[in-house]
Amino acid sequence: MNVFLVYVRDENFCRLLPEELNIPGPDDGRIKVMAFPPLGIQTLAPVLRREGHRVRMFDTCHPQMQAVHIAQAVKEERPDLMALSCLSTTTYPALKSLAQRLRSEAPEIPIIVGGPFATMNADRILRDCPDLDCVAVGEGEELLPDYLNNLGHPGSVAGLVWRNGAEIVRNEARPIIRDLNQFPYPDRAGLPIDYIESLPLDVPAVLSLDKFCTMQTSRGCPYSCIYCDIPSLSKGKWRCRSAEHVLGEMQQLNDLGYRSIYLTDDHFLLKRQRINEICQGIIDRRLEFRWGCEGRVDAVGVDQLPIMSRANCSFLAFGVEAGTQKILDRLNKHQTLEQVEHAVNEAKRHGITRVHGFFVIGSPGETREDIMESFRFAARLKLDTFGFNRLCAYRGTPLWQEYVDRGIIDDERDWHKWFKCSDIDPTALPSEVVNRVRMKGYALLFARRIFRRPIQTYKLLRTFGRHMKTSDILKLLWSPFRRRTLTRKPELPAMMIDSGLEAPRRDPVTAL
Ligand code: B12
Ligand code: SF4
């Protein structure tokens, strides 16, 4: 059969490489986009091809792969199935409008949607969006071929939620895949797009122009931080591909000329022996790429940093989250400030080039002083880069459920929204206060960084300077102190809309 696999983008997370940075290559029709590749559809395409299907991939970050172009291709090629992939809640409006466009072009061709957001909200999506026929819950490698073999009998496809006339039917759940070694490696050539390693924010921050891709070596996480969907997506289980299978893919990527690889694993640092085998394999095979990953600061893998560094791990991102134990505990993080300090020190001691700290601010119960303490803590740590984002609640997380239980969110009516805690939670500081304190915090952090770690700061700026204009670097450094163009109007929980409010209301927290 002929299948269209479409990755629906969140336009805030992609950007065409600006002309001035675009070193002209061979005129092969490929474009350069600052974004992460769509690993979900890249993973599914070769699985379907192995089953004998024809596949065409689309990524809506490409200017010639907008709804109008995909609809035109549908008209010309009449695929047997349109399969859409939706990563996060933020992409749902784009998903709906694409589905509507495709449905009006070809009412008889089934449309299926999958991905993390679809998995968390399957029944509701079908009730809300009449243009979609069914939703795939969970992993697609077995489900999608099964669905294609049973297009006329959706009732027999485990993991499928589908429309039977006016009724929405949820089939039995599909067990998670135990053996992740059985599938072919993702297709990174099928889209005419080169993805650029970057921070595609309102200032173009290109990190490198090396051939870049992502890779997933394991799935899931056994922890349960209150703001994270991964434990419910993975049912709290962690599974992995064997070191040998991972190295086979790495060898292929190396031979194809990839020189920068980002592991999108939820928790790469979980198994000491496996990390060791993968790193030893990279060293033995003399693979030439640099790579990066994310992990917990308390992971056993932290003692594998020497071999990781020797195996060209150049980027490591830790979920630091907060600089006070009180907030770490509130987030159910199960880590201590000492563990954070130890992990970051170790990473720098063993030569990881760029160590990043993810922080969240505006958490429930967090005071101005707590936020400033997070910035002071960040300034003490030997981090190279850091990000302080406001804590948000997405459906499927323990935090979302807490807000439902506290009567702030109506699960039935708010499921497709996401909220900054500082907009809706009276125990969090109001958004304006959080923003003000964040600016103050950044000023302190930048000043301490420049005076206490001038060499580290200089090296970092030099990295940016390789691919960015000085004016853009200055803009990037200035960006924490100005209003972001990405900032959207806050969503309103349904109950606040009922009360006639136009902006979210929270109780004053001046006492904090
Ligand atoms: C890498 C990543 C990113 C990358 C972007 C990746 C990209 N392609 O653009 C970056 C860092 C930019 C990012 C940003 C964001 N992310 Co993110 N991200 C991830 C992460 C860690 C891994 C995704 C991945 O590579 N998976 C590997 C591939 C192989 O898996 P997959 O895409 O899920 O596909 C499989 C199945 O879902 C299924 N499938 C997928 N599509 C389809 C389609 C069909 C038809 C079928 C049958 C099956 C199917 O089959 C595939 C193979 O099994 C996930 C966590 C996770 N484990 O899902 C979070 C995650 C998806 N992100 C999340 C969020 C919230 C965001 C942001 C909104 C955060 C923010 N405000 O900044 C943004 C929005 C980005 C966007 N929509 O473009 C949440 C989503 C929660 C939610 N309810 O919305 C997640 C689950 C993380 C979390 N902690 O909860 N993200
Ligand atoms: S935030 Fe990280 S450690 Fe916490 S549950 Fe999610 S993946 Fe696991």
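The values are calculated or read from the model by the stated rules, or taken from the named source; none is laboratory data. Computed from a predicted model, the values in this text were never measured in an experiment. With ideal geometry, Cβ positions are generated from the backbone for all residues, glycine too; neighbour counts draw on all protein chains shown. Surface areas here come from the heavy atoms of the whole protein model, side chains and all, with no ligands, DNA or RNA. Shrake-Rupley method; radii C 1.70, N 1.55, O 1.52, S 1.80 Å.
Farthest toward the dipole's positive end in the chain, which of LEU445, ALA45, LEU429, given Cβ charges of +1 (Lys, Arg) and -1 (Asp, Glu) about the Cα centre?
Projecting each Cα onto the dipole axis, the largest value belongs to LEU445.
How many angstrom lie between the C-alpha centres of segment 298-349 and segment 155-189?
After rounding, the separation between the Cα centres reads 35 Å.
When the Kirkwood radius is taken over all Cα pairs of segment 173-264, what Stokes-Einstein diffusion coefficient follows at 25 °C and 0.890 mPa s, in µm²/s?
Approximately 158 µm²/s, per Stokes-Einstein.
Quote the charge dipole size of segment 15-96 about the Cα centre in Debye, to the nearest 20; the model charges only the Cβ of Lys and Arg (+1) and of Asp and Glu (-1).
300
Normalising by the residue count of the chain, find the relative contact order in percent from Cα pairs under 8 Å and 6+ residues apart.
12
In segment 190-278, what trypsin sites (Lys or Arg not before Pro) fall in a loop by DSSP, with at most 16 other Cβ atoms inside 10 Å?
In loop regions of segment 190-278 (DSSP not H, G, I, E or B), the sparsely surrounded trypsin sites (Lys or Arg not before Pro) are LYS235, LYS237.
Contour minus end-to-end for GLN325 and LEU474, with contour as 0.36 nm per residue of separation and end-to-end as the Cα-Cα distance?
50.3 nm
Please find the FRET efficiency linking GLU76 to GLU288, where r is the Cβ-Cβ separation and R0 is fixed at 25 Å, and quote it to the nearest 0.05.
That pair, GLU76 with GLU288, gives E of 0.05.
Just to be sure I understand the model, the point goes 7 Å from the Cα along the line to the Cβ. What's the resulting ARG376 to ASN12 distance in nm?
About 3.1 nm, to one decimal.
Mind checking which aspartates and glutamates have their C-alpha under 13 Å from LYS469, skipping anything on the same chain fewer than 8 residues away?
GLU19, GLU20
For the chain, what % of the accessible area comes from carbon and sulfur atoms, probe 1.4 Å?
53
Could you tell me which GluC sites (Glu not before Pro) in segment 145-241 are loop residues by DSSP with no more than 16 other beta carbons within 10 angstrom of their beta carbon?
GLU172
Looking only at segment 338-373, which residues have a backbone nitrogen under 15 Å from a spot 7 Å from the Cα of LEU460 in the C-beta direction?
Output list for this probe position: 344-345, 348, 352-359.
If the reach is capped at under 26 angstrom between alpha carbons, list the lysines near LYS96, excluding any in the same chain fewer than eight residues apart.
Straight-line reach from LYS96, under 26 Å: LYS75, LYS417, LYS420, LYS489.
Quote to one decimal, in nm, the extra length available between ARG127 and GLU20 on full extension: 0.36 nm per residue of separation minus the C-alpha distance between them.
Using 0.36 nm per residue and subtracting the Cα-Cα distance, I get 33.9 nm.
Return the subset of LYS235/LYS333; LYS348/LYS440; LYS211/LYS348 for which the Cα-Cα distance in this structure is over 23 Å, preserving the input order.
LYS348/LYS440; LYS211/LYS348
Hey, rough spin-label estimate for ILE31 and SER97, points 7 angstrom out along Cα→Cβ, what's it come to in nanometres?
Inter-label distance under the simple model: 1.6 nm.
So if each residue of separation counts as 0.36 nm, and I subtract the Cα-Cα distance between SER104 and GLU244, what length gain in nm does that give?
Result for the pair: 45.8 nm of gain on full extension.
Straight-line reach from LYS237: which aspartates and glutamates have Cα under 17 Å away, leaving out those fewer than 8 places along the same chain?
Leaving aside aspartates and glutamates fewer than 8 places away in the same chain, those within reach of LYS237 are GLU139, ASP179, ASP229, ASP265, ASP266.
Using a Förster distance of 41 Å, how high is the FRET efficiency between ARG406 and GLN251, based on the Cβ-Cβ distance and rounded to 0.05?
0.20
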